[in-house]
Amino acid sequence: MRPTVAAAPASMTPDELAETRRKAGFQDGATLEAERAEARERVARSYVRAHLAAYREVVKALRGNLAEIERAARRWLRTNDPQRAYERWRGVSRRRADRVAGLYQHVADDGFDGGQTQRLLADAFRRWEELREDLGGEVAADARFSALVVELRDALTAVSRVLDEIEHDEELASEP
């Protein structure tokens, strides 16, 4: 003998069906996806918290290099041959830029998704690379240079703010 299965009334609207499913404990796809995204971000924030010193070191290195670029760009304008002054500086600064890039690669290439924090840091790093690509002897006189500096500084501030939130998140501190 076959078990009888209660059939849903044929006159149920999609909203009524959704409500019936919700009451029965089913979750819709959007809710499930939101919960999964929240869980992934929580794991990512825990990871960043465990490696907070490395993330802060990258931000510090980017800020330091940005300050160096700003000072140097103003000096280049005051010389007789700004492009020549820039070329000399570029040769010396390459090692420091490589160090900054290496620090970033260390936190970016470890095979783990750092979530929103990693995306913010990647954005700041891209802005720093764009700034370095736009450098030249008379760049300090260009409005685009000033805009790139402001954007990079804002991006680094956003990363620092998120790192501070993660550091002071009591729920992350209590997790293993």
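The values are calculated or read from the model by the stated rules, or taken from the named source; none is laboratory data. Just so it is clear, the model here is predicted, and its values are computed rather than measured. FYI the Cβ positions are ideal-geometry reconstructions off the backbone, even for glycines, and counts take in every protein chain you see. Quick note on the areas: whole protein, heavy atoms, side chains included, nothing else; ligands and nucleic acids left out. Shrake-Rupley method; radii C 1.70, N 1.55, O 1.52, S 1.80 Å.
Residues that are within 30 Å of E38 (Cβ to Cβ) and at pLDDT 90 or above: find the helices (runs of 4 or more DSSP H) completely inside region 61-176 holding 3 or more of those. Give the steps one after another, and end with the answer.
Details: elements: 82-108, 115-133, 143-167, 170-174.
So the answer is 82-108, 115-133, 143-167.
Regarding T4, is this residue modelled with pLDDT of 80 or more, out of contact with any strand residue (DSSP E or B) (no Cβ under 8 Å at 6 or more places or on another chain) and either loosely packed, with under 12 Cβ neighbours inside 10 Å or among the acidic types (D, E) (or both)? I'd like the intermediate steps shown before the answer.
On the way: modelled with pLDDT of 80 or more: no; out of contact with any strand residue (DSSP E or B) (no Cβ under 8 Å at 6 or more places or on another chain): yes; either loosely packed, with under 12 Cβ neighbours inside 10 Å or among the acidic types (D, E) (or both): yes.
Spelling it out, it is not the case that T4 is modelled with pLDDT of 80 or more, out of contact with any strand residue (DSSP E or B) (no Cβ under 8 Å at 6 or more places or on another chain) and either loosely packed, with under 12 Cβ neighbours inside 10 Å or among the acidic types (D, E) (or both).
Is it the case that A147 is under 22 Å from the mean Cα position of the chain (by Cα), free of Cβ contacts under 8 Å to residues at least 60 places away in the same chain and more than 20 Å from A53 (Cα to Cα)?
On the way: under 22 Å from the mean Cα position of the chain (by Cα): yes; free of Cβ contacts under 8 Å to residues at least 60 places away in the same chain: yes; more than 20 Å from A53 (Cα to Cα): yes.
Against the criterion (under 22 Å from the mean Cα position of the chain (by Cα), free of Cβ contacts under 8 Å to residues at least 60 places away in the same chain and more than 20 Å from A53 (Cα to Cα)), A147 qualifies.
Name, by its number, the condition in (1) closer than 23 Å to F145 by Cα; (2) surrounded by 12 or more Cβ atoms within 10 Å (Cβ to Cβ); (3) β-branched (V, I, T) that does not hold for V92.
(2)
Restricting to region 146-160, give me the number of residues that are open to solvent by 20 Å² or more (accessible area, probe 1.4 Å) and within 14 Å of V58 (Cα to Cα). Explain how you work it out, then say what you get.
In the first step, residues of region 146-160 are kept if they are open to solvent by 20 Å² or more (accessible area, probe 1.4 Å); the result is 146-147, 150-151, 153-154, 157-158, 160.
Of the ones still in play, those that are also within 14 Å of V58 (Cα to Cα) are 153, 157-158, 160.
So the answer is 4.
Evaluate the following for D123: is it under 22 Å from V58 (Cα atoms) and open to solvent by 90 Å² or more (accessible area, probe 1.4 Å)?
Values: under 22 Å from V58 (Cα atoms): yes; open to solvent by 90 Å² or more (accessible area, probe 1.4 Å): no.
Answer is no for this residue.
Have a look at A141, A85, A97 and point out the one that is within 30 Å of A50 (Cβ to Cβ) and surrounded by 13 or more Cβ atoms within 10 Å (Cβ to Cβ). Steps first, please.
On the way: A141 fails: within 30 Å of A50 (Cβ to Cβ); A85 fails: within 30 Å of A50 (Cβ to Cβ).
The match here is A97.
For residues in region 48-60 being open to solvent by less than 40 Å² (accessible area, probe 1.4 Å) and farther than 30 Å from R88 by Cβ, which is modelled with the lowest pLDDT? Break it down into steps so the answer makes sense when it comes.
Kept after step one, since they are open to solvent by less than 40 Å² (accessible area, probe 1.4 Å), are these residues of region 48-60: 48, 52, 54-55, 58-59.
Okay, now just the ones that are also farther than 30 Å from R88 by Cβ, so 48, 52, 54-55.
Working: V48: 87, L52: 91, A54: 93, Y55: 93.
Checked region 48-60; the qualifying residue modelled with the lowest pLDDT is V48.
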